[in-house]
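Bear in mind these aren't lab numbers, they're just calculated from the coordinates by the rules spelled out. Note that the coordinates shown come from a computational prediction; the quantities given were computed from them, not determined experimentally. Cβ placement follows ideal geometry from the backbone for every residue including glycine, while neighbour counts extend to all protein chains displayed.
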There are 2 protein chains.
Amino acid sequence: MARTKDPVVRSLLIDRAAQMLRTREPVTLRSLVAGTGVSTMAVYTYFGGMDGLWKALRQEGFSRLAAKLAAVAMSADPVRDLAALGAAYLSNALESPDLYRVMFDAGFELEDAAAADETLYCLVRAAERARETGRFRDDVDPVELATQSWAIGHGLASLVATGPLPRQALAHGVPLLTALFVSAGDDPGRCRRSIEQAWKAVLPATDELP
Amino acid sequence: MARTKDPVVRSLLIDRAAQMLRTREPVTLRSLVAGTGVSTMAVYTYFGGMDGLWKALRQEGFSRLAAKLAAVAMSADPVRDLAALGAAYLSNALESPDLYRVMFDAGFELEDAAAADETLYCLVRAAERARETGRFRDDVDPVELATQSWAIGHGLASLVATGPLPRQALAHGVPLLTALFVSAGDDPGRCRRSIEQAWKAVLPATDELP
DNA sequence: CACAATACATAGCATTGCTATGTTTTGGTG
DNA sequence: CACCAAAACATAGCAATGCTATGTATTGTG
């Protein structure tokens, strides 16, 4: 027996905040609602304050990342797929670096932690397939290998997104992932071919080191 | 024919800001100068504003990191030294994670960019030595290998410092660096021994995966 | 229809970073 | 040594920020 929240307002605010991040406008309480017709109180009824908005924005970032990873077509070559997921991760991070920074900001509190797990499990499943098809050794733990791939991807994405490394440095992902997958048991030549193939399909712009 | 700045005040403010970061107190203009006897204007005469303070704080973070890396004793085993530098990097980042986050915040503007280069050159020199002593192949570019080591270290440090991974995940550095250095030509068994030796000397707390 | 719970709008508060204004110190110069 | 201008220093006040308190309007339910 009360008024119900309008989900349109909620997603409108999140989308607008993401857009303001992309255009580098400072996202403040008043600038966020300016022009939308809603008042500042909306941020409190829907998110409980600015902190809640940032948390929801992190969630949105992980949801978009999960969608990008889910859109990567799996093939008969699980190592290629693993590299394609890594390249998609980098592509997503560099496509909207400010949202990526927000995703990994302090606290790392998410409304739904399953979204972050989902992104990791994409990698875990590909690693499992690589082990089942004999590309990786039997003693390789898919979760650990996926975590290590994540560390490589996040390291490159973060260093490029925050400035110290240029965009072309993303190409370091090829030798790094090759080294990791070869250490997991894959044949060096075959591994390199799988990875380079995936890289050019997903990150065609940055396929050469400076 | 004017008054000169007192360098003591400058370093006092930087040290106090670093201390407040460590104790998780919010670093604001007024809270920073509270209790120090100096007024808020000091932040403007010495740093030109809060942005300048953050920039100086980034510089301080890189200076401390450079000191930590310089304190790592070099040995006759360049691969061990390279791993020891990586472990020291992780150790420094996790010792004061808030300062580490500030170092890689937006913009990445430094007062003296040479400090950041210095940290990378520590790794480059070790990689060069590894190549000269035959541990790495001749076609290995020391700068590229150092950059790739940096990406691994930053990825792990960032994921642990911001929350998603637990402290024990730093141990992933061992298999990751091993994979990278083996891909550079080092003998697998010898490489693993060199890295584990360095790891236990610098990061004795986190030498096992969960 | 009536009511109460909740969304929504407005106004005001404490705090933030910053600037304008005045005061004091100090380093070079005749 | 006396002078003075330039710069450090102190204080007050401003616009903007996030938040809360208060009042109004809306709507789902009995």
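For the protein assembly as shown, what class follows from the C-alpha gyration tensor (a ≥ b ≥ c being the square roots of its eigenvalues): rounded when a/c is under 1.5, otherwise prolate if a/b is larger than b/c, else oblate? Please list the in-between numbers first.
Numbers: a/c = 2.11, a/b = 1.17, b/c = 1.81.
Oblate, because a/c is 1.5 or more while a/b does not exceed b/c.
Determine the calculated [θ] at 222 nm for chain B from helices alone, applying -39500 (n - 2.57) to every DSSP H run no shorter than 4 residues and normalising by the residue count; nearest 500 deg cm²/dmol.
On the way: 10 runs with 140 residues, N = 210.
Calculated from helices alone, the mean residue ellipticity at 222 nm is -21500 deg cm²/dmol.
At 7 Å along the Cα-to-beta-carbon direction for both B:VAL143 and A:GLN19, put a label point, then send me their distance in nm to one decimal.
Each label point is offset 7 Å from its Cα along the Cβ direction, giving 4.2 nm.
Label region B:26-68 by shape, choosing from rounded, prolate and oblate, from the square roots a ≥ b ≥ c of the eigenvalues of the Cα gyration tensor; if a/c is under 1.5 it is rounded, and otherwise prolate applies when a/b is larger than b/c, oblate when it is not. Each step should come with its number before you reach the end.
Working: a/c = 2.48, a/b = 1.91, b/c = 1.29.
The shape class here is prolate.
How big, on average over all directions, is the shadow cast by the Cα convex hull of chain B, in nm²?
Values: hull surface 55.3 nm².
Average projection, Cα convex hull of chain B: 13.8 nm².
As I understand it, the value is the acute angle between the Cα axis of helix A:7-22 and the longest principal axis of the Cα atoms of chain A; what does it come to in degrees, rounded to 10?
60
If we sort A:55-62, A:69-76, B:79-86 on the protection proxy, mean other Cβ atoms within 10 Å, highest first, what's the order?
Numbers: A:55-62: 20.8, A:69-76: 13.0, B:79-86: 26.8.
Descending packing order for the listed peptides: B:79-86, A:55-62, A:69-76.
For region A:97-164 and region A:1-77, write down the distance between their C-alpha centroids in whole Å.
23
Going down the table (A:LYS200/B:LYS55; A:LYS55/A:LYS200; A:LYS5/A:LYS55), which pairs top 26 Å between alpha carbons?
On the way: A:LYS200/B:LYS55 37 Å; A:LYS55/A:LYS200 34 Å; A:LYS5/A:LYS55 19 Å.
Violating the 26 Å Cα-Cα cut-off are A:LYS200/B:LYS55; A:LYS55/A:LYS200.
Using only alpha carbon pairs under 8 Å that are at least six residues apart, calculate the relative contact order of chain A and give it in whole percent. Walk me through the intermediate numbers first.
Details: 225 pairs, mean separation 45.5, N = 210.
Across chain A, relative contact order equals 22 percent.
Between rounded, prolate and oblate, where does region B:125-179 land on the alpha carbon gyration tensor, with a ≥ b ≥ c its root eigenvalues, rounded for a/c under 1.5, else prolate if a/b exceeds b/c?
Working: a/c = 3.80, a/b = 2.52, b/c = 1.51.
Prolate.
Mind checking the mean number of beta-carbon atoms from other chains within 10 Å of the Cβ atoms in A:159-166?
The shielding value for this peptide is 5.
Which whole number gives the average count of other chain Cβ atoms within 10 Å of the Cβ atoms across peptide A:136-148?
Working: counts 0, 0, 0, 0, 0, 1, 0, 0, 6, 2, 0, 8, 9.
Partner Cβ neighbours, averaged per residue: 2.
For region B:87-92, what does the Karplus curve 6.51 cos²θ - 1.76 cosθ + 1.60, with θ = phi - 60°, yield as ³J(HN,Hα) per residue in whole Hz, taken in order and with x for Gly and Pro?
5, 5, 4, 5, 4, 5
Taking 7 Å along the Cα-to-C-beta vector as the label spot, tell me the B:THR36-B:GLU95 distance in nanometres, rounded to one decimal.
Between B:THR36 and B:GLU95, the simple spin-label model gives 2.3 nm.
Over the whole of A:99-105, what's the average partner chain Cβ count within 10 Å per residue? Rounded to a whole number, please.
Values: counts 0, 0, 3, 0, 2, 7, 4.
Mean partner-chain Cβ count within 10 Å for A:99-105: 2.
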